[in-house]
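The values are calculated or read from the model by the stated rules, or taken from the named source; none is laboratory data. Model, not experiment: these values are computed from the prediction. No Cβ is skipped: glycine too gets one built from the backbone with ideal geometry, and neighbour counts run over all protein chains shown.
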Amino acid sequence: MTTIANGSVVAFDYTLRDGAGAVIDSSQGGSPMVYLHGHGNIVAGLEEALQGKTAGSNLKVTVKPEDGYGEWREELVMKVARARLPKTPEPRVGLELQGVGPGGEPLHLRVIAIEGDMISLDANHPLAGQELHFDVSIQDVRAASEEELAHGHVHGHGGAHH
């Protein structure tokens, strides 16, 4: 039986819960998550917990913020004038926008407050600062193809198509 190691293609079903037990995301009723192990394609804490496991394994994994989406950082919250945002869609709390960081990197921003003509935006990941609780059922483990290893992600069913 193949064990999960760097260069393995892993397919697993999961349910992700927050600290209160509320379901945040789940593959149940859909397709399993498929990823290339050891290439940073899933949160580090979950990838580390799956290392050495085999198909058929079921496990519960708790991922601390530093091994998940990082700690929530105040410096990633900013206030901007409404005039600096696109006219459409109309800003509203919860709206997600795309931006560009100082180094040209893409930024994912959420509107968290509107105070007159000033809009508060948060560039933290929505799950930053949260402990993540995964229920995982490993469905399949196989060796990656040379092309998958060269590209750093899975190709074909459940992976990238290019």
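Values computed for the structure shown
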item: Filtered residues of the range 41-56 (kept if of a type in the set (Gly, Ala, Ser) and either farther than 16 Å from THR2 by Cα or not in a loop (DSSP other than H, G, I, E, B) (or both)); result: ALA44, GLY45, ALA49
item: Single residue of the range 98-124 satisfying the filter (within 20 Å of GLU66 (Cα to Cα) and surrounded by fewer than 16 Cβ atoms within 10 Å (Cβ to Cβ)) that is modelled with the lowest pLDDT; result: LEU107
item: Flag for VAL61 being closer than 17 Å to GLU131 by Cβ, out of contact with any Phe, Trp or Tyr (no Cβ under 7 Å at 6 or more places or on another chain) and β-branched (Val, Ile, Thr); result: no
item: Condition met for GLU115 (over 22 Å from the mean Cα position of the chain (by Cα) and more than 21 Å from LEU36 (Cα to Cα)); result: yes
item: Residues located in the range 69-112, provided they are farther than 30 Å from LEU46 by Cα and under 20 Å from the mean Cα position of the chain (by Cα); result: none
item: Tally of residues being charged (D, E, K, R) and surrounded by 15 or more Cβ atoms within 10 Å (Cβ to Cβ) across the range 44-97; result: 3
item: Options VAL141, VAL136; residue that is touching a Leu at 6+ places or on another chain (Cβ under 6 Å) and closer than 23 Å to GLY30 by Cα; result: VAL136
